[in-house]
Amino acid sequence: MQKIKLGIVEDSPQITGMLKDYFQREEEFEIVMAASDGLEAVAKIEQFKPHIVVLDIVLPELDGFGVMEEVKGFCPKYLILSALSQESFISKALKLGASYYMIKPFDFAILKKRLLDMVKSNMTATEPLMMENIMSDYRMAEPIGRLRQKSTEEKITNIFITVGIPAHIKGYQFLREAIKMAIENPEIINCITKKLYPTIAKKFDTSASKVERAIRHAIEVAWNRGKIENINSLFGVKVYGNNEKPTNGEFIALVADKMLIEGA
């Protein structure tokens, strides 16, 4: 029996490792490629030609939507595996050619079944893939009687998508780390230059000044994209006007406070 050639596109080394460990033990599959950013993914998909690609949406350099748009001359099937659960993201993925969509956290046995279904039934995104089927997979991956709270990472990602901060710029990762630190220790916002920037710089092997500039750039990108209404809608009040930009500390504190209020 011909093995199913599988590609993995995921920026989390932990999840990539778990996927590799699982599918290397499954005789139906052969892992032919793995990539941790969108541009690498496009090149490797075109080179190794997997039958199916397990693809995350939020990736450095180029997101999962961009990967599906950029792959040329070869058309694998895509199963999206993402923490993003909004119906708008699911709909966009299917319209771009994904055959199925699974929400993290996921069950490996269900993931394997969906991949086999994609091969056996020739399932495509043109078929009516109902939201309840996707949500059913998600619920089956949960501990009995308890549905997962959205992770802090997912909440921050959703906020960044709403306000227009792209995943491929350096400030995205630095800003996400800063918000997580402010959630864990709200007082750190008062020590932004002496503690917050240096801590992030050490983690990413860079300088505090580069962290500050990259975060400033990420915020400016959102404002320059004209998504002020999205930002004000997100926080429920008119926080800023078109000509008003928050400082790094103000933006970090605003997002962290919102998430703390919502139970992050």
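The values are calculated or read from the model by the stated rules, or taken from the named source; none is laboratory data. Bear in mind the structure is a predicted one, so any value in this text is a computation, not a measurement. Here the Cβ positions follow ideal geometry from the backbone for every residue, glycine too, while neighbour counts run over all protein chains shown. Only protein heavy atoms, including side chains, enter the accessible area calculation; ligands, DNA and RNA are left aside. Shrake-Rupley method; radii C 1.70, N 1.55, O 1.52, S 1.80 Å.
So the values come out like this:
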quantity: Residue that is surrounded by the fewest Cβ atoms within 10 Å (Cβ to Cβ) [pool: residues in region 107-121 that are farther than 16 Å from Tyr78 by Cα and of a type outside the set (D, E, K, R)]; calculated: Ala109
quantity: Cross-chain or 6+ apart pairs with Cβ under 7 Å, region 141-164 first and open to solvent by less than 20 Å² (accessible area, probe 1.4 Å), then of a type in the set (Ser, Thr, Tyr) and modelled with pLDDT of 65 or more; calculated: Phe160/Tyr172
quantity: Filter result (buried (at least 18 other Cβ atoms within 10 Å of the Cβ), of a type in the set (D, E, K, R) and in contact with a helix residue (DSSP H, G or I) (Cβ under 8 Å, 6 or more places away or on another chain)) within region 3-48; calculated: Glu10
quantity: Residues of region 57-106 that turn out to be open to solvent by 50 Å² or more (accessible area, probe 1.4 Å) and either among the small types (Gly, Ala, Ser) or part of a helix (DSSP H, G or I) (or both), as a count; calculated: 7
quantity: Matching residues in region 76-90 - criterion: being modelled with pLDDT under 85 and farther than 13 Å from Asp56 by Cβ; calculated: Ser85, Gln86, Glu87, Ser88
quantity: Looking only at region 169-180, and only at residues there that are buried (at least 18 other Cβ atoms within 10 Å of the Cβ) and hydrophobic (A, V, I, L, M, F, W, C), the one that is farthest from Ile252 (Cα to Cα); calculated: Phe174
quantity: Residue that is surrounded by the fewest Cβ atoms within 10 Å (Cβ to Cβ), among those in region 194-209 that are within 24 Å of the chain's Cα centre (by Cα) and free of Cβ contacts under 8 Å to residues at least 12 places away in the same chain; calculated: Asp205
